[in-house]
Amino acid sequence: LKHTHYIIVLRHMVCGCPKKCLCHSTSKTVDCRNQGLVEIPSHLPPETLILQLQNNHIWRINQDAFTETPFLKILDLSNNSVSNLSSGAFKGLHYLQVLNLTKNLIHKLENKTFSSLPQLKELDLSSNSILNLPETLGNNTGNITLLSVEYNKLQRLDRLLLESLPNLKVVLFKDNPWQCNCHVIGLKLWLESFLYRGGISDGIICSTPENRKGKDLLKVPYEMYGACPPTAAHVHLANVHHHNSEYRSSLKHTHLNENGESSHSDCEPKSKPRPVSLRHAIATVVITGVVCGIVCLMMLAAAVYGCTYAAITAKYHREHLAPTTEQRVPEGKEPFDSSLA
């Protein structure tokens, strides 16, 4: 009996519920909300599927923090004090599908942060202090369908990151200080293509430069970026028209300063040069006007010719047919006159 008692106590210690948490065996949920926690609690039940850690003071995530919960599917870390995420922060969570990191203090992400989450579908990074995002979120993040980066400090976003998420269905960009300079062309093209394929987005509102502040990126015409210096990397325009019409190809750009360093501040579009597409449009209008003028002249000539022909025909009838009629009338009257005589 003592041996059995020790086994039960040991199992409770290893697989029991943390002191400040509530464990629901039926739903396999562990509720640790509003407990003033500063780190991920230990001794979590290994069968846990949902772990609620929101509204605490957790500021770091150790690499072995979730080794006890390998089957976790939903992890909510919202409204904590997490400022940095190491590449192994979510190690072992091969079945995680939903990760909520909203309302933390995250300012930077490494490109391998989420590599250990091959089943991840929803990633919420909103309401942090993220300045920039890497080119990828990880090697195994292709299943993500929802990505939210709202309410951060993002000024730009590399198109490569979005292209690495082929199953993306919803992406949220709201309330970031987006820079709508030359480098935003790639993002604009991707967004147009994404929406055309049926994706959902709240759009990108420009913060700079001043002449585009408050404008929707999708409504800023490509002609405004005509003076941006190109690079060898071509960016193909998205097919966004209803009749599958294609835009002309555009180019990414960089600009080097005196030290040979990359700089984007000099990529501001200039209003003086007239865009090539505008010149083409003017030429098309001129050619169309000339063709229409020629057609109108031909129609006028045809009308004049028709009127002239009608006048000549009428004159012919008056001069040749009328005298003949007048001569036949007296011949018909002679027998009448002779009979009277």
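Below are the figures for this structure:
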item: Some residue of region 74-88 being more than 29 Å from D175 (Cβ to Cβ) and part of a loop (DSSP other than H, G, I, E, B); result: yes
item: Condition met for K103 (assigned by TED's automatic domain parsing to the domain that holds I58 and more than 30 Å from V220 (Cα to Cα)); result: yes
item: Of residues in region 161-211 being part of a helix (DSSP H, G or I) and of a type in the set (G, A, S), the one surrounded by the most Cβ atoms within 10 Å (Cβ to Cβ); result: G186
item: Leading residue by the ranking (modelled with the highest pLDDT) among those in region 219-229 that are surrounded by 14 or more Cβ atoms within 10 Å (Cβ to Cβ) and either basic (K, R) or within 17 Å of L189 (Cβ to Cβ) (or both); result: V220
item: Condition met for N100 (surrounded by 17 or more Cβ atoms within 10 Å (Cβ to Cβ), touching a residue at least 40 places away in the same chain (Cβ under 8 Å) and either farther than 16 Å from L154 by Cβ or basic (K, R) (or both)); result: yes
item: Qualifying position, being among the hydrophobic types (A, V, I, L, M, F, W, C) and out of contact with any Ser or Thr (no Cβ under 8 Å at 6 or more places or on another chain), among L117, L146, L137; result: L146
item: So I106, is it crowded, with 18+ Cβ neighbours inside 10 Å, within 29 Å of Q155 (Cβ to Cβ) and modelled with pLDDT of 95 or more; result: yes
item: Tally, over region 113-127, of residues that are over 21 Å from R60 (Cα atoms) and over 23 Å from the mean Cα position of the chain (by Cα); result: 2
item: Check on P70, in the same structural domain as L154 (by TED's automatic domain parsing) and buried (at least 19 other Cβ atoms within 10 Å of the Cβ); result: no
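The values are calculated or read from the model by the stated rules, or taken from the named source; none is laboratory data. These numbers were taken from a predicted model, which means no experiment stands behind them. Because the Cβ atoms are built from the backbone with ideal geometry, glycine has one as well, and the counts that use them run over all protein chains shown.
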